[in-house]
1. Would you say B:Gly56 is part of a helix (DSSP H, G or I), more than 12 Å from every other protein chain (Cβ to nearest Cβ) and more than 22 Å from A:Leu161 (Cβ to Cβ)?
2. Which condition breaks for B:Ala182 when tested against (1) part of a helix (DSSP H, G or I); (2) more than 8 Å from chain A (Cβ to nearest Cβ); (3) under 14 Å from B:Phe3 (Cα atoms)?
3. Collect the residues in region A:109-129 that are surrounded by 13 or more Cβ atoms within 10 Å (Cβ to Cβ) and either among the small types (Gly, Ala, Ser) or outside any loop (DSSP other than H, G, I, E, B) (or both), keeping them in residue-number order.
4. From B:Ile145, B:Ile194, B:Ile134, B:Ile155, which residue is of a type in the set (Val, Ile, Thr), out of contact with any Leu (no Cβ under 8 Å at 6 or more places or on another chain) and in a helix (DSSP H, G or I)?
5. Which condition breaks for B:Phe82 when tested against (1) part of a helix (DSSP H, G or I); (2) closer than 28 Å to B:Met171 by Cβ; (3) within 12 Å of chain A (Cβ to nearest Cβ)?
6. Given (1) under 19 Å from B:Met148 (Cβ atoms); (2) of a type outside the set (Ser, Thr, Tyr); (3) in contact with a helix residue (DSSP H, G or I) (Cβ under 9 Å, 6 or more places away or on another chain); (4) more than 12 Å from chain A (Cβ to nearest Cβ), identify the lone condition not met by B:Ala26.
7. May I ask you to list the residues in region B:107-131 that are hydroxyl-bearing (Ser, Thr, Tyr) and in a loop (DSSP other than H, G, I, E, B)?
8. Can you tell me which residues in region A:87-103 are surrounded by 21 or more Cβ atoms within 10 Å (Cβ to Cβ) and not aromatic (Phe, Trp, Tyr)?
Amino acid sequence: MKEFAPLLNGWWYLLRGAGMTLLMAGAAIVPATILGVLLALAQVFGNRAARSVVVFYLFVIRGIPLLVLLTFTYYLLPLTGIDLPPFWGVVVVLALYYAAFMSEVFRAGILSLPRGQWDAARSLGMTRRQMLRIVIFPQALRLASPPFVSLCANLVKATSLVSVVGLWELTMASREIVERTLAPFQIFLGAAVIYFCICYTLALYGRYLEGRVLHGH
Amino acid sequence: MLFDPNFIARLIPALIEGAEVTVELAVLTFGICLVWGFIVALANSSHGPLAWIAGGYIQAVRNTPLLIQMYIVYFGFSMIGFGLSGFGSGLLALCIQNGGYMAEIYRGGLQSVSQRQYEAGRALGMRRLALYRIVIIPQVVARIIPPMTNQAISIIKDTSQVAAIAVMDVMKVAQVWVESSANTYDVFLGVAIIYLVLTSVATLIGRLFERRLAFAS
């Protein structure tokens, strides 16, 4: 077990990095979800102009790697004169990026409701607003919750990329320990185990939600 | 200066050279994982210890970041006497991760064919081989094309992470050019357009296959 001494010495540092990873992911998930819902609404209920704006946004985000966006935000932000701390800079990029994928999830949730739900709500004399608030949204959100959770796990994994532009979180913490101890195999494996614990927990939760969606409640 | 023609004339060949590496990595990864993912899916659907190993592999690679996997392969493997070049490490890590994702796509495709299709084939007196060749496989292929197209897009984007282990793909070339010049906007636009073109081509190829192999269902 002597080979794993660097990992035993560095585990507390790694866990602090994991705390930062979770903080970053949590800070990005909230605005990503809000923007994702708005994009989905604009695409389903918006007029032609709103729809084409959303479609273009999704095309661009789906076609460009997150790493490219993060790297160029790092280079371009100082040029634009926006004075944003690096942490919030990457949170904004993560949120803008994942909002596109969240909107797909929410849109699928809205569109997969059977036609009868709309007809029933209309035949009860509900206004469009009531229809959305009372009938459509609660069901659509329930349908969207399992893929939403797996997107959150993806976001946690994606935060590892911010280490490339110099931010400190779990991946950066493990790289720092590797530079001191020259034990890349053990340390990166340790970091992988921590990521796994976070993401697998989310995956299991997603599966639980999926079971609930499939079997009523 | 923005849109300096002299600069752009020198930039474009460099970016295209990087894009060749990106395409090479993406095509190799996709091709290898089509086979590797299928093998993993077969192992996962068997019974006994092999299924456990395949299942553990799928969960392990899906729930850890690609970047960490690349670091383990690139830095870690050389420490235990199994050194690979940057390109080789990147390719191996990309295949390790996407093999897990593709195995899940195959599994989903196989599960989506209802049991009645097997029964119907058998009722017609088909042998196992004919049953799979004529009834099952065509339906599975038609159903996995959309998720496979998405996977191809995500592979193209994921290849950008090899820049972190010093492979000269389009991302790394862009980074070098940004750092050695002041034309950040030009480089960003160039690299964004290249990724958008590559992912759009993948989408179009996917659509083409989809149209040719679609069933009236």
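1. no
2. All conditions pass for B:Ala182, except number (1).
3. A:Gly109, A:Ile110, A:Gln117, A:Trp118, A:Ala120, A:Ala121, A:Arg122
4. Every option except B:Ile134 fails the conditions.
5. Looking at each condition in turn, B:Phe82 falls short on (1).
6. If we test B:Ala26 against (1) under 19 Å from B:Met148 (Cβ atoms); (2) of a type outside the set (Ser, Thr, Tyr); (3) in contact with a helix residue (DSSP H, G or I) (Cβ under 9 Å, 6 or more places away or on another chain); (4) more than 12 Å from chain A (Cβ to nearest Cβ), just (4) comes out false.
7. Those that are hydroxyl-bearing (Ser, Thr, Tyr) and in a loop (DSSP other than H, G, I, E, B): B:Ser112, B:Ser114.
8. Once the filter is applied, which keeps residues that are surrounded by 21 or more Cβ atoms within 10 Å (Cβ to Cβ) and not aromatic (Phe, Trp, Tyr), region A:87-103 yields A:Val90, A:Val91, A:Val93, A:Leu94, A:Ala95, A:Ala99, A:Met102, A:Ser103.
The values are calculated or read from the model by the stated rules, or taken from the named source; none is laboratory data. Predicted model, so just to flag it, every value in this text is computed and none were measured. Don't worry about glycine lacking a Cβ; one is built from the backbone with ideal geometry, like all the others, and counts go over all protein chains shown.
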